[in-house]
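The values are calculated or read from the model by the stated rules, or taken from the named source; none is laboratory data. Computed from a predicted structure; not experimentally measured. Positions of Cβ are backbone-derived with ideal geometry, glycine not excepted, and every protein chain shown enters the neighbour counts. Side chains are part of the model used for accessible areas, which takes the heavy atoms of the whole protein and leaves out ligands, DNA and RNA. Shrake-Rupley method; radii C 1.70, N 1.55, O 1.52, S 1.80 Å.
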Amino acid sequence: MDRRRFLATTAAAGVAGALARPARALHRDGLLQRSRLQQTDSLSLHPFIAAHPDAVFIRRTSVGDKLDSTAKRIAGDAFAREIFHPAEGGDIPFTHAMAIKPNLTCTSGTGNTPAGMGIITDLDFLDGVAGGITGLGFPGGSMFAREGNWLGDGYCAGEYHVTGVLVERIAERYGMHVHDFTTGRALREMTLETLQPGTEVIWRGVPDGTVFRRIGYVAPYNDDDTFLLNIAKFKTHSMGMTLCAKNLQGMAVSPYVRFCEGVDATAQHPSAVLQDFHADFEQRVDALYAEHLARGIPRWDRPGRKTSGGYGMETWAQRTCDSHSITRTGLNVIEGIYGRNGDGFNAGPGPGGTPQDFMSNLLIFGKNPFLTDVIGTWIAGHEPGNFGLFHVAYERGLMPLFDPASIPLYDWNGGEPVQIDLSTVERTPLVCPYLRRDYNGQSEEKYHLVDEPFDYSTVAAERAPALPEQPSLRTLTNPVRHTATLELRLPRDAQLRISVHDALGRRVDLIREGHMRAGTHSIRWMPGRLVSGTYFVTLRSSVGAAGCRLMLVR
């Protein structure tokens, strides 16, 4: 079946199935009906997020215990409804795919037990996100959640029956897809012979690849007309942190998915896969490793061909950046309701060599996966400049900023982000086994913070974007149908009033009045019963005036 027909068929089947099922969620059904009455045909990402692709946002949750399933579902539902809006002609049409990529890696048989929960993206939060998205009208039949580690040669296959079944239960609730392709064949049964164009694999060439010439992805990841929602887990790993950039490694089909293994591991790959590597990839990695070692990337001098050493990390970082060079994410999220230390699985510094979980109650998100990870890494108690992955990503143009203090950071409060300083954010230290140092003949503790001071000026001279000398006001949604999002930039703290006037100059609404801090702010305006027409939003403040025009369409 043609890829387009496959998506169209499964989307229609999902919608039909949802309508045929009993109304188990009246609230959601009501929203779906209202969305049809409003003739919405798509979702839109929150306009402030879309307008600030280099920003990172922090949303605080209020979950009291990691076992509180209800609270986690509520957090996921609320988050989805704040970052997505029903729209007409929006950027995520209902006919396109919504590809959700949770961290669904191996759980070593622990599944959704307390021991296994910190390994993967929290499934209750995932449940809430899926419910929130479908509650906004997006058809469950156009939603997908998959994991490349479940495929092919049986890698992680045993864990699939634990984690995969749990994810399928979520999928059944909303009509979304986990591994049910039209052939009826489970993805984990696929072989190299099936990895051909026109099947369930999306093939992408890597024009600027260091290691890869071509990568196969689990459909519909990395397909055209697919919105990629990347939801990583806040946890440590032998690679440092398993956050957004690493989580998308799981989009690739096996054995392409094995980015983490050193160069020597390619000897285990079939020749058909090696044909998708550059013939001189080892020489390329050798040269880059020598360059980065001479430049002094922290800990890169640690011996080891695989992930225990700097050379293996170079290989992993280059493979990861190869993939990201051809990947466009719609939104990257770190689910940090609770964070986990240790090796990313079942080992750590806790009693009996177990990992430890800590309630952090944070969702960290943004358009750029590497910038989101820089902030997540800092919040986990580490200094991002000590991690080679960020050096490689910056060098390859995949992240425009490096110093965490230079990344625009916003507190997300009910959908209205307010710019904040990184130093005001509470950290949740999570120790990891990343590239242990030797000090005076003694090795660093196996699980440690990578928190040595780093001089970012040695990599790039960066400064946080300067605020204007005068206040500015612009609309991020025009024309306006239901809600307008305005961007306000204040050079200094100010007393202000934001008003709306009609074409005759009459004030028809007061949006905001009072004191606001300096910085960039998102302001919502709901026009209520106002009729269609041209309106003017004006700002009067103690530091100056500004205004913008918008068109209301009913």
Single condition Pro298 does not satisfy, out of (1) touching a Pro at 6+ places or on another chain (Cβ under 8 Å); (2) under 23 Å from Glu452 (Cβ atoms): (1)
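Listed here are the residues, each with its yes/no results for (1) open to solvent by 40 Å² or more (accessible area, probe 1.4 Å); (2) charged (D, E, K, R); (3) at positive phi; (4) modelled with pLDDT of 95 or more.
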{"residue": "Gly250", "(1), (2), (3), (4)": "no, no, no, no"}
{"residue": "Pro255", "(1), (2), (3), (4)": "no, no, no, no"}
{"residue": "Val263", "(1), (2), (3), (4)": "no, no, no, no"}
{"residue": "Ala272", "(1), (2), (3), (4)": "yes, no, no, no"}
{"residue": "Asp276", "(1), (2), (3), (4)": "no, yes, no, no"}
{"residue": "Ala290", "(1), (2), (3), (4)": "yes, no, no, yes"}
{"residue": "Ser308", "(1), (2), (3), (4)": "yes, no, no, no"}
{"residue": "Tyr311", "(1), (2), (3), (4)": "no, no, no, no"}
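Residue-wise test of (1) hydrophobic (A, V, I, L, M, F, W, C); (2) modelled with pLDDT under 90.
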| site | (1), (2) |
| --- | --- |
| His177 | no, yes |
| Thr183 | no, yes |
| Leu195 | yes, yes |
| Asp223 | no, no |
| Leu228 | yes, no |
| Phe234 | yes, no |
| Leu243 | yes, no |
I'd like to check which helices (runs of 4 or more DSSP H) are fully inside the range 43-124 and have at least 3 residues that are touching a helix residue (DSSP H, G or I) at 6+ places or on another chain (Cβ under 9 Å), β-branched (Val, Ile, Thr) and at negative phi. 69-83
Filter the range 69-84 for residues that are open to solvent by less than 60 Å² (accessible area, probe 1.4 Å) and over 17 Å from the mean Cα position of the chain (by Cα); which is farthest from Ser360 (Cα to Cα)? Ser69
Within the range 542-549, is even one residue assigned to a strand (DSSP E or B) and either farther than 22 Å from Ala51 by Cα or in contact with a Cys (Cβ under 9 Å, 6 or more places away or on another chain) (or both)? yes
Of a type in the set (Val, Ile, Thr), farther than 27 Å from Asp455 by Cα, buried (at least 24 other Cβ atoms within 10 Å of the Cβ) and within 20 Å of the chain's Cα centre (by Cα), is that true of Val374? no
Is one or more of the residues making up the range 460-468 in contact with a Ser or Thr (Cβ under 8 Å, 6 or more places away or on another chain), basic (Lys, Arg), more than 27 Å from His85 (Cβ to Cβ) and open to solvent by 90 Å² or more (accessible area, probe 1.4 Å)? yes
Could you say which residue among Val531, Val500, Val537 is without any contact (Cβ under 8 Å) to a residue 40 or more places away in the chain, among the β-branched types (Val, Ile, Thr) and assigned to a strand (DSSP E or B)? Val500
Just one listed residue, out of Arg529, Arg540, is within 20 Å of Val418 (Cα to Cα) and surrounded by fewer than 18 Cβ atoms within 10 Å (Cβ to Cβ), and it is Arg540
Would you tally the residues in the range 503-526 being closer than 15 Å to Val418 by Cβ and assigned to a strand (DSSP E or B)? 10
Subset of the range 478-510 that is β-branched (Val, Ile, Thr) and more than 32 Å from the chain's Cα centre (by Cα) - its residue that is most open to solvent (accessible area, probe 1.4 Å): Val508
I'd like the full set of residues that are open to solvent by 10 Å² or more (accessible area, probe 1.4 Å) and farther than 24 Å from Met143 by Cα, limited to the range 96-122. Ser108, Gly109, Thr110, Thr113, Pro114, Ala115
Which pairs do you get when a residue that is closer than 15 Å to Trp300 by Cβ, found in the range 436-459, comes within reach of a residue that is part of a loop (DSSP other than H, G, I, E, B) and polar (S, T, N, Q), reach meaning Cβ atoms under 9 angstrom, with the pair 6+ apart or on two chains? Arg436/Ser308
If we keep only residues of the range 410-442 that are more than 20 Å from Met359 (Cα to Cα) and within 21 Å of the chain's Cα centre (by Cα), then the residue surrounded by the most Cβ atoms within 10 Å (Cβ to Cβ) is Pro417
